[in-house]
1. Of (1) assigned to a helix (DSSP H, G or I); (2) over 13 Å from Thr294 (Cα atoms); (3) at pLDDT below 90, Pro135 satisfies all except one. Which?
2. Would you pick out the residues in region 263-304 that are part of a loop (DSSP other than H, G, I, E, B) and surrounded by fewer than 14 Cβ atoms within 10 Å (Cβ to Cβ)?
3. Select from region 102-121 the residues that are surrounded by 14 or more Cβ atoms within 10 Å (Cβ to Cβ) and not in a helix (DSSP H, G or I) and list them in ascending order.
4. I need the full set of residues from region 244-262 which are in a helix (DSSP H, G or I), charged (D, E, K, R) and farther than 19 Å from Thr138 by Cβ, in order please.
5. For region 193-214, which positions are buried (at least 21 other Cβ atoms within 10 Å of the Cβ) and over 22 Å from Ser141 (Cα atoms)?
6. Could you please let me know if Pro219 is outside the structural domain of Thr138 (by TED's automatic domain parsing), closer than 28 Å to Gln116 by Cβ and not basic (Lys, Arg)?
7. Test Ile225 against the stated conditions and say whether it is touching a Cys at 6+ places or on another chain (Cβ under 7 Å) and assigned to a helix (DSSP H, G or I).
Amino acid sequence: MRGFPFFYESALPSFFLLVCSKDLLLNSCEKIDFSWFLIDILWGGVINFSPQTESHGRYLRGGRVSMPKLDELYKQGTEAFEKKEFDKAEGYFKIFLETNPGFADILNKLGIIYHQTNRLELAARTFEKALAVNPKYTEASLNLAITYSDLRNYDRAREVFERAAHFKDEIGEPSTAGIDPFVKGKLADEHLRLGNMYYDLQLLDESIEEYQKALRLSPNFADIITQLGIAYRDKGMYDEAIKEFNHAKICNPKYIPARLHLGITYYSQGFYGLAEEEWREALVFDPDNSAVRTYLNFVKNQNT
């Protein structure tokens, strides 16, 4: 999160596979229907059964934007977003959404842009659209709760937060000792990106596997450990999630997302005192974090 109150870091689909496999996919799989299913995932994040996306057909036919164009728009928009060049990112994302309106990750990022530029009503509507695509998109729910709170719609903010906190109530290793540390870090980042892509598609078993692979290479990366904890929590494995979040805190006591998500996990299990403790500790490291302050207001009402 690095001082930014929203949870966009966990929603960065991986496009590194495109660099090495684009020509292979197009040339060797063109005549096989399944190839278009695979290409849709890699270029547009669009598959029929995903709750976070909708089908748009084959991009090279019927006047659709070409697949490289979609990839370019996503890449440029995401790069601008991460640099906080919000005007540029907003333009790219809006063009992307013209042909991919069911991409919840982009809607969530666009909502963050609106919030950061003080267009709160528009931010709320955009987060709502993301949740209409994927009702169990935790990050979008948390962002919507914060936005409602900023709009002084406290009852609605609490309702959204409570629902996000209880989503899942509704629902032999090779040695890496000889690998150069720099290479290990790069490989770990790629496993993290792929894990995030699986997570965005709510393929939690696959995302957990990728995060575990990343941690075998770089076992003390707090951001990867936290992502693993989030996936465990969303799968309903609360004890495992709490263990990972605490591990992330040990690796980097100042890594705020680990404390935030540990608090959310405690809150979802009814341990309101422990949740409050985590969030108050987070404020010690980041006193201006608006997300933490919003969550403390939620837990305050539980304790009265």
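The values are calculated or read from the model by the stated rules, or taken from the named source; none is laboratory data. Values in this document were obtained by computation on a predicted structure and should not be read as measured data. Cβ atoms come from the backbone with ideal geometry, glycine included; neighbour counts cover every protein chain shown.
1. (1)
2. Filtering region 263-304 for residues part of a loop (DSSP other than H, G, I, E, B) gives 269-271, 286-289, 303-304.
If the condition is that a residue be part of a loop (DSSP other than H, G, I, E, B) and surrounded by fewer than 14 Cβ atoms within 10 Å (Cβ to Cβ), then Gly270, Pro287, Asp288, Asn303, Thr304 are the ones that fit.
3. Within region 102-121, Gly102, Phe103, Arg119 qualify.
4. Taking region 244-262 first, the residues in a helix (DSSP H, G or I) are 244-251, 256-262.
Restricting the remaining residues to those that are charged (D, E, K, R) gives 244, 249, 259.
Correct list: Lys249 only.
5. The answer is Leu194, Glu210, Tyr211, Ala214.
6. Values: outside the structural domain of Thr138 (by TED's automatic domain parsing): yes; closer than 28 Å to Gln116 by Cβ: no; not basic (Lys, Arg): yes.
Answer is no for this residue.
7. Numbers: touching a Cys at 6+ places or on another chain (Cβ under 7 Å): yes; assigned to a helix (DSSP H, G or I): yes.
Yes, satisfied.
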